[in-house]
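> One structure, as structure tokens, below. Some questions next.
The values are calculated or read from the model by the stated rules, or taken from the named source; none is laboratory data. None of these values were measured; they are calculated from a predicted model. A quick note on method: Cβ atoms are made from the backbone with ideal geometry, for glycine too, and the neighbour counts reach across all protein chains shown. With ligands, DNA and RNA removed, areas are computed over all heavy atoms of the protein, side chains included. Shrake-Rupley method; radii C 1.70, N 1.55, O 1.52, S 1.80 Å.
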Amino acid sequence: TSKPLKILVHGSLPPPLGGMATYVQDYMNSPISERIRILFSRSTVLRWVYTTKGLFNKCLRVLNVPCITAVWLVMLIFRRPDVAHLHTSSHAGFFIRAGLGVMARVLLVPSVLHIHGARFKEFYRESSRPIRWLIRRLIQGNSQIIALSEKWREFFESIGISPGKITVMTNCVF
């Protein structure tokens, strides 16, 4: 028998509420979790991010980035996943997660960037020309991206993402 596919998933894990956490919860409760070995990497290592406000919260969010990067790197090197799957939306989180995907590719682990953000189009369009260039490079730097609909596929193609890199996968509900 062949060994199960090992997937390293980075994203919001329950209990935080939201679309990505709900998706991951459904994923964990689905039958697929019995056939595929799923390793999880939280998008927030410093949990006080959820309970603080103001300047302290901003400091924690900044400190969280090297923490999640270190955890991600350790998991890539020592757990040797077959695939890295990153959930992202827009703004700062996009740059962090898309960068983690590129890091996986550098370590020869194929990466899938799963873009959930309802405001991603606005994020892209409202960004400066150099930032739009960086967004496109980071998306292209991942092995594959998952778009949530044909409309999203069209958007990603319209900004220059290679059609062969885009897979449409609608949200599933169990």
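> Kindly state, to the nearest 0.05, the FRET efficiency for Val168 paired with Asp26, given R0 = 22 Å and r defined as their beta-carbon distance.
Plugging the Cβ-Cβ distance into 1/(1 + (r/R0)^6) gives 0.75.
> For the chain, with the dipole built from +1 on Lys and Arg beta-carbon atoms and -1 on Asp and Glu ones, taken about the Cα centre, which of Asn142, Thr88, Val65 lies farthest toward the positive end?
Most positive-ward Cα: Val65.
> Probe radius 1.4 Å, ligands and nucleic acids ignored: give me the carbon and sulfur share of the accessible area of the range 102-163 as a rounded percent.
57 percent
> Okay, next question. Give the lysines reachable from Lys151 as a straight Cα distance under 25 Å; neighbours fewer than 8 places away on the same chain don't count.
Hits, sequence-local ones excluded: Lys121, Lys165.
> Once you have all Cα-Cα distances for the range 52-93, histogram them in 10 Å bins from zero and send the whole-percent values.
Going out from 0 Å in 10 Å bins, the range 52-93 shows 23, 43, 26, 8 percent.
> Here are some values of percent of Cα pairs over 24 Å apart: (1) 37; (2) 42; (3) 32. Which one was computed from this structure?
Computed from the coordinates, percent of Cα pairs over 24 Å apart corresponds to (1).
> For Leu73 and Lys121, calculate 0.36 nm times their separation in residues minus their Cα-Cα distance, and state this gained length in nm to one decimal.
Result for the pair: 14.3 nm of gain on full extension.
> Take each uninterrupted DSSP H stretch in the chain, measure its Cα extent along the helix axis, and return the ones at 30 Å or beyond whose mean Kyte-Doolittle hydropathy is at least 1.0.
Going by DSSP H runs, the hits are 54-79.
> Residues with beta-carbon under 13 Å from that of Ser158, excluding Ser158: net charge, scoring Lys, Arg +1 and Asp, Glu -1?
Taking every other residue near Ser158 into account, the sum is +3.
> Let me ask something else about it. What does the helix-only formula give at 222 nm for the chain: each DSSP H stretch with n ≥ 4 adding -39500 (n - 2.57), the total divided by the residues, and the result rounded to the nearest 500 deg cm²/dmol?
-15000 deg cm²/dmol
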